[in-house]
Every structure is written in structure tokens, then in C-alpha cells.
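The values are calculated or read from the model by the stated rules, or taken from the named source; none is laboratory data. All figures in this text were calculated on a predicted structure; none of them were measured in a lab. Quick reminder, even Gly has a Cβ in these numbers, built from the backbone with ideal geometry, and neighbours come from all protein chains shown. Ligands, DNA and RNA are stripped out before the accessible areas are found, and what is left, the full protein with its side chains, is counted by its heavy atoms. Shrake-Rupley method; radii C 1.70, N 1.55, O 1.52, S 1.80 Å.
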Amino acid sequence: MTDLVPSPTRPAVDSTEPDASVELRLADVPLRQVVVLVRIDLPDDQLEPLLERGVLPGCRLCPIRRSPFGDPIVRVDGSLLALRREMAGCLCVRRVTDGPH
Amino acid sequence: MPDLLGADCHAVAERPARRSTVEAGPRRPLVALIGPPNSGKSTLFNRLTGLRQKVANYPGVTVEKHIGRARLPDEGVLELVDLPGVNGFSARTLDERITRDVLEGRAEGIGAPDAVVLVVDVTRLEPQLMLVEPVLELGLPTLLVLNMWDELEARNGGLDDHVLGRRLGVRTARTNARSGRGLEEVWAFLREVADGVAGTDGGPRAVSNVSRHAPLPIIEAFATRRRRIAGIVDEAGYRPAGPSRLSERLDSIFLHRVWGPIVFTALVVLVFQAIFTWATPLMDGVEALISSSGQALATRLPDTWFRALLIDGVWAGVGSVLVFLPQILILFLFLGILEDSGYMARAAVIADRMMYRVGLQGRAFLPLLSAYACAVPAILSARTVENERDRLATIFVAPFMTCSARLPVYALLIAAFIPERRVLGPFLGTRAATLLGLYALGALAAVFTAFALKRTLLRGASAPFLMELPPYRLPSPRSLALRLVDRSRIFLRRAGRIILLVTVVLWGLTQIPRIGGQAPPIERSALGRAGHVMEPAIAPLGFDWRIGVGLVSSLAAREVIVGTLGTIYGVENSDETSMALQARLQRDLDLGAAVALLVFFAFALQCMSTVAVMRRETAGWKWPLLQWGYMLTLAYVGALAANWLL
């Protein structure tokens, strides 16, 4: 997935929202903002833990709080997932305007 | 693949033979219980088997599996194996490898399963269903257990389980394993497995995240499966459970910027307090029980070598292990509550930042905390650490944590050599400060070692750290109790055997060569001579042959040195509070040598149980030998420096 060139005209796997043009990093998404995952900038051998937990391109993520040391805790598919902010910096996402899924 | 088939048949064929040595009768069907972590799999296992479970070790694979027997109402019996919780089959963690090997029928000492029970937490259905397809590809009769159904309904979720089952092509059961609701359907499934066991095909099996029918690059394989599952779940009218209010409220405290770390620290202090203060009366009780029963036995037996072997060898050996049981039980009670309630996942997230800095990760927090009681269960619990490098680093540094076996040694030496003076007013005396210093010394060595390992032997890109935060739940007393029984069995078996063996061998070495048919004085025994032989090596540390003998004997377990020194000095009933023993030590050691001995015990891996567990967990001698050598070197250099400086 790392070779997928981000392009404003190209929709993410299942997102067709009009406001999906701004691409940002999960680490920079404000709390409670629902985003859709576009791309994971990680080497292939580090993808599986994310994929197994449902963090796939096209899935909706919503950072709901930060840990005491600033790591994001996101809601994905009804589960809460804590990840390091370094990794959150490797997840490319786009905004979703139609509210939480 | 003929060879795979051959291996499979071998495993199946081997089982009745193995069983028949223990209990005659036909082969019992084997059902594997699998599921993601925190899906309630073990609770279901405990419900189905009760106390009819055993922890079995298998050669080659480094892990014990939980096997239990479920008794069906019509007296039919089958065996269940509780596999570790997994999110997938990439075989990234040791737990995942074990699960894969058992499902594929490749694990030694256990046959291929005849059926699978896949347990998922229905409140988090979608990601958990990712396991369904790989499991169904095994071609075994499968039951999908939709656990925590009550919670789904309570949190306004919903699902048509018939549609779900039909579309996935799997039988389903709604359960709540904690309360025992819905188990009838599970029993019905088990009954059918027990009746129809002959019909299982013995074909080659493989379980993997990527379908073998349609091999795809990993990310597409997941995306395809994910889309399919999303479609099925939609069709089945799945309404996810609303967010748990309680969990949100608790998280806003436990993960708060200020309160989070405070609660975390308070809980760590509480665990320490429990294992050191509250466990003490229980440990004293066990000790008294062992020594009085030993004495009672001694008076009833004639004074022969056999009595000496039984009392001084076996009894002392078993006793030195049993005495730690209360502490281990208290530790695991606390850890069990923290884990089952869901707090431990939060603690791991908080700890991750600190551990990351020294090259470890948040999941290492629980093993390292356990290591303050005993390194053996700590090393076992490191299996949940994803990424092999992190797991190795965790188990490598665990023995530096000040385990409770060091405490009697510390107590004896501190009482004998450190005069009690005030350091911080009434709060901290010199003795307590010394003890704290020794804890800090161990922790520092661990930090340094982890840091060094991650830059040398275990170098590599840092592994992703991901932690699922399960909803908070009230721990079930039943599960906690069963876990305590289970943990004590593992501890006694792991630690007991090796310590028993070493104490008996050491006792044997004090008995030869016989002089006029009697045991020799300890100085002239084989053990005493060993002390003399090593004296030149330990003289620079300020130790004489007596301490040498103590060091050799403490190879079995650190605290054994206290009893050995008592024997050498001829002090009756010596323990760490014995004034006579303290007086003798003060005569033979100066302050420098005493501190050197403390430092030596802080660093050296004087624990055969740890070495044995390391060997199992790393499947070889390389790591345990490296660890033993490294810790001995550090201990020697540290002790040398202490003796030289003071």
C-alpha cells in the first residue's frame, strides 16, 4: 500500500466524502474527529499487527483521547487501540464530514 | 505434500500410545479453543472443564498448554485445549506460533484437534471475525461462540446470529461465559464432536493470515477479507454496542495526564506492599510448618543417611520453594485482578513511554513487575510481548529485578553489617536505604542491559507497539481462583523440580568422602573442598572458602546460602535473623567484603530455576548461558569494585 500515490482526485478505498481532499497524519488529527485511513507508511513486515486489529486502508478511525504521555488512543470498529505517536505519524488519513460511523 | 501428511498421521497415531501409558481407553476427541485476547476464551474453558485441567509441557515447543477434560452429561469425555489469545496467524509472537502449531497438528505431544471452538467478543465483532476464515479453512467442525452477548444487548447492540452463521458457513452459539449463560449450545456441539470423532479427515492443514486458495499480498488479503466480513455483518443487522460509559469514565481518570500516572504509581506501590509486607506472616507460617513437620518426621525415623537425605535434602529443598508460594499467590491475585479488570492494558500504555526509552515496550511492564517476586513466572509471562527481540530483551533483564529470594540474603548481611542510623529523619534509616539502594542497583543494571542489548545483539527497527484497551469488567472470582491454582502448579513444577534436584546433589556433596562411615566435617567434604578450590578466585572480593561454599550452594536458589552458612559455622536453626550467625559473619567479613557480597547477589544469576525456564523459553542453551555468564561477570566486577572502594 506504500506505493499508492496520494492524490486529491483519487478517492480512498471506500470513502467518497466530498471533504476527503485534505490528507493528514493520524498524529495530527484533533480528538473526536473521524477520519478514514488512506495509507500506512510502514514497511511490509510491520503491517500485520495493524491489519489484524482492523487498521486497514478504508477503515474509520477516531482519536478519542491521549495517554498521559501524549500517545493517541483511537476507536476503530468499536475497539479502543493505543498506539505510539511515532506510529500515528505513519498513518495517512483524510477527514470524514458525515459524522461518526 | 506427502511429508506433511506423514507428520500429521504420526501425531495422531502417537497419541493413543502416549495416553495408554497413563490411562487406558480409546482416544478422546480433542477440541481446540481459540480466540482473540480478552474474548473470554479462558473463562469459557474454565466453565467447561472446572478443575479437571492440567498444565502440560511439551518438549521442543517451549510452552505449557492448558488441557482440560469436559465431562458430557452422558458420561462421554473429550479434551479441550485452551490456546493463547491471538489476533491472527502471522506467527509473530510465541503465542501465535503455538496456536498455529497446535491447529496444524504439528505441536509435539498433542494430536491434531478434531474440532475448533472459536470464541469472539461480540461487542467488538468485526475485527474479531477476521479469525473466522483462516480457521474455517482448516476444514474442521467449528463452533463460533458469540461471547458477551449480554453486554452487547445491555449496550444497545444487536445481531441476527442465524444470518451471521449462515453467511459465514459456521455454527454459532450466544453465550456469556462469565455467568454461564448459553453454554447448552456449546455442550451440544461438544457432544456431536464426541459422537462423530471417527469422521475427521487427516489431510494436511495450514492456518495463515493469507488464504491458501487465493494467495494475495498481505494488505490485499486483509482488505478483501475485511470487505467480505463487513458485508456479512451488515447483512446480519449488526448494531455495534454503544461505547461503554463506565469505561469512558474510568479511562478519563486512569489515562488522565495527572491522575493516570498517580494511580499507576499507587498501584505499583500497592503490589509491592502486598508481596513484601502482607505476604510475610503467611511465609513465616509456611516456613514454620515445613520445619516443624520436618522435625516431627525426623524424630520418627532412625538416624541413618536416609533420614539425613530426607530431612536435609528433600525437605529443605521442597521447603525453600514452598516458602515463596504465598508471595507468588498474592502477586498473581493482584496481577489477575488488574488484568481481568482491563486495567493492565492501560498500565502497559502508561509504562510504554518509559520502557520505550530503554529499548523495551509497554507489554514488558507486567513481566518485569512480576519479576520482583520471582523471575520464573515473569519469564513465562513475557510470551505476550509481540516481537521476538523485545521478548528476548525482556526475559534477559527480568532476573535483575530484585526477586524475593534475594531478600533473606540482603536481610542477613544488612543486619550484620549496616548500623541503623537515621538518614531522612524518622522516615528512612540506613538499613532501609541500603535495601532501597540494592533495588535501585538491580533496576539500573536492567536498564543498562536492555539499552546495550538493543544496540548490539538485538538490534533492529523498533517494533510497532499496539495495545487494545478492552472495556473494564469486574473480574470473576471463579476465574481468578482457577488462575491462582494454575499459576501455583506451574511455579511448583518449574521451580520445585530443579531446586529439589540441586539441593539433593549439594547435600550429597556434604556427605562424601565418608570418614569412618560418618559424614565428614563440612570443611573436608566435597563441597568444602570446592570452596577451597575457588578461594583464590574469590579472595579479591574479600570472600573466604566458607562464602565460596555458600555461593556454590546458592546456585540452586539464592536464599540457600543462609542455611549453608549456618551449617558451616555450626549455628543451629540459623535464619537471617540469627544473631549468632551475624556475629560469625562479622568476624570473617569486613565491610567491603559484605557490601561486595550484597552487590554479587544483586547481579549474579544464582538461580537454576531461572536458567531452566530460560532454556525452555528460548529453545536452546545460547541465551541462558549468555545470561548466566553476563550476570556473573557483572557480579564479579561489581563486587570487586565494592570491595576495593570500601
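Out of curiosity, is B:ARG587 part of a helix (DSSP H, G or I), free of Cβ contacts under 8 Å to residues at least 24 places away in the same chain and either buried (at least 23 other Cβ atoms within 10 Å of the Cβ) or of a type outside the set (Ser, Thr, Tyr) (or both)? Give the derivation first.
On the way: part of a helix (DSSP H, G or I): yes; free of Cβ contacts under 8 Å to residues at least 24 places away in the same chain: yes; either buried (at least 23 other Cβ atoms within 10 Å of the Cβ) or of a type outside the set (Ser, Thr, Tyr) (or both): yes.
So B:ARG587 passes the test.
Go through the stretch A:47-91 and report how many residues are assigned to a strand (DSSP E or B), within 16 Å of A:GLU23 (Cα to Cα) and either without any contact (Cβ under 8 Å) to a residue 24 or more places away in the chain or at the interface with another protein chain (Cβ under 8 Å from one of its Cβ atoms) (or both).
Final tally of qualifying residues: 0.
Quick check on this structure: which one of B:TRP259, B:TRP315 is without any contact (Cβ under 8 Å) to a residue 40 or more places away in the chain and within 14 Å of chain A (Cβ to nearest Cβ)? Break it down stepwise before answering.
Numbers: B:TRP315 fails: within 14 Å of chain A (Cβ to nearest Cβ).
Answer to the selection: B:TRP259.
When the residues of the stretch B:282-318 are narrowed to those that are of a type in the set (Ser, Thr, Tyr) and assigned to a helix (DSSP H, G or I), which ends up nearest to B:MET608 (Cα to Cα)?
B:SER291
Here is a yes/no grid of residues against (1) among the aliphatic types (A, V, I, L, M); (2) closer than 22 Å to B:ALA398 by Cβ; (3) modelled with pLDDT of 95 or more:
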{"site": "B:GLU572", "(1), (2), (3)": "no, no, no"}
{"site": "B:LEU585", "(1), (2), (3)": "yes, no, no"}
{"site": "B:MET614", "(1), (2), (3)": "yes, yes, no"}
{"site": "B:GLY629", "(1), (2), (3)": "no, yes, yes"}
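If A:ARG39 passes every condition in (1) assigned to a strand (DSSP E or B); (2) more than 11 Å from chain B (Cβ to nearest Cβ) but one, which one does it miss?
(2)
Would you kindly identify the strands (runs of 3 or more DSSP E) lying entirely within the stretch B:98-196 that contain at least 2 residues that are touching a Leu at 6+ places or on another chain (Cβ under 9 Å), buried (at least 24 other Cβ atoms within 10 Å of the Cβ) and aromatic (Phe, Trp, Tyr)?
none
Please work out which one of (1) open to solvent by 30 Å² or more (accessible area, probe 1.4 Å); (2) within 30 Å of B:GLY566 (Cα to Cα) is the condition B:LEU457 fails and give its number.
Only one criterion in (1) open to solvent by 30 Å² or more (accessible area, probe 1.4 Å); (2) within 30 Å of B:GLY566 (Cα to Cα) is unmet by B:LEU457, namely (2).
Determine whether B:ARG558 is of a type in the set (D, E, K, R), over 21 Å from the mean Cα position of the chain (by Cα) and modelled with pLDDT of 85 or more. Walk me through it before giving the result.
Details: of a type in the set (D, E, K, R): yes; over 21 Å from the mean Cα position of the chain (by Cα): no; modelled with pLDDT of 85 or more: yes.
No: the conditions fail for B:ARG558.
Answer yes or no as to whether B:GLY460 is within 14 Å of chain A (Cβ to nearest Cβ), more than 22 Å from B:LEU634 (Cβ to Cβ) and over 22 Å from the mean Cα position of the chain (by Cα).
Spelling it out, B:GLY460 is indeed within 14 Å of chain A (Cβ to nearest Cβ), more than 22 Å from B:LEU634 (Cβ to Cβ) and over 22 Å from the mean Cα position of the chain (by Cα).
For the stretch B:73-87, which positions are under 17 Å from B:VAL145 (Cα atoms) and either open to solvent by less than 10 Å² (accessible area, probe 1.4 Å) or not in a strand (DSSP E or B) (or both)?
B:LEU80, B:VAL81, B:LEU83, B:PRO84, B:GLY85, B:VAL86, B:ASN87
Take the stretch B:304-347 and flag every residue that is within 15 Å of the chain's Cα centre (by Cα) and basic (Lys, Arg).
none
Can you find, within the stretch B:612-637, the residue that is nearest to B:PRO540 (Cα to Cα) among those that are in contact (Cβ under 8 Å) with a residue 40 or more places away in the chain and open to solvent by less than 40 Å² (accessible area, probe 1.4 Å)?
Once the filter is applied, the top-ranked residue is B:MET631.
Could you count how many residues in the stretch B:210-256 are open to solvent by less than 30 Å² (accessible area, probe 1.4 Å) and either more than 9 Å from chain A (Cβ to nearest Cβ) or part of a loop (DSSP other than H, G, I, E, B) (or both)?
Total meeting the criteria: 11.
Checking the structure you have, find out if any residue of the stretch A:17-32 is modelled with pLDDT of 85 or more and open to solvent by less than 10 Å² (accessible area, probe 1.4 Å).
yes
Any chance you could count how many residues in the stretch B:455-498 are part of a loop (DSSP other than H, G, I, E, B) and within 24 Å of B:VAL376 (Cβ to Cβ)?
3
Just name the residue that is modelled with the lowest pLDDT out of those in the stretch A:86-101 that are surrounded by fewer than 18 Cβ atoms within 10 Å (Cβ to Cβ) and of a type outside the set (S, T, N, Q). Walk me through it before giving the result.
Initial filter on the stretch A:86-101 (surrounded by fewer than 18 Cβ atoms within 10 Å (Cβ to Cβ)): A:86, A:89, A:95, A:97-101.
Next, from what is left, pick out any that are of a type outside the set (S, T, N, Q): A:86, A:89, A:95, A:98-101.
Numbers: A:GLU86: 90, A:GLY89: 92, A:ARG95: 90, A:ASP98: 57, A:GLY99: 49, A:PRO100: 48, A:HIS101: 45.
Among those that are surrounded by fewer than 18 Cβ atoms within 10 Å (Cβ to Cβ) and of a type outside the set (S, T, N, Q), it is A:HIS101.
With the condition kept exactly as written, say whether any residue in the stretch A:56-73 is among the small types (Gly, Ala, Ser), buried (at least 22 other Cβ atoms within 10 Å of the Cβ) and either under 11 Å from the mean Cα position of the chain (by Cα) or more than 22 Å from B:ALA347 (Cα to Cα) (or both). Lay out the reasoning, then the answer.
Within the stretch A:56-73, the subset among the small types (Gly, Ala, Ser) is A:58, A:67, A:70.
Next cut, buried (at least 22 other Cβ atoms within 10 Å of the Cβ) only: A:67.
Then keep just the ones that are either under 11 Å from the mean Cα position of the chain (by Cα) or more than 22 Å from B:ALA347 (Cα to Cα) (or both); that gives none.
Within the stretch A:56-73, none of the residues are among the small types (Gly, Ala, Ser), buried (at least 22 other Cβ atoms within 10 Å of the Cβ) and either under 11 Å from the mean Cα position of the chain (by Cα) or more than 22 Å from B:ALA347 (Cα to Cα) (or both).
Determine the pairs where a residue that is in contact (Cβ under 8 Å) with a residue 12 or more places away in the chain, located within the stretch B:80-109, has a partner that is assigned to a loop (DSSP other than H, G, I, E, B) and among the polar types (S, T, N, Q) with Cβ atoms under 6 Å apart, the partner being 6 or more residues away or on another chain.
Pairs found: B:GLY88/B:ASN209; B:PHE89/B:SER208; B:PHE89/B:ASN209; B:SER90/B:ASN209.
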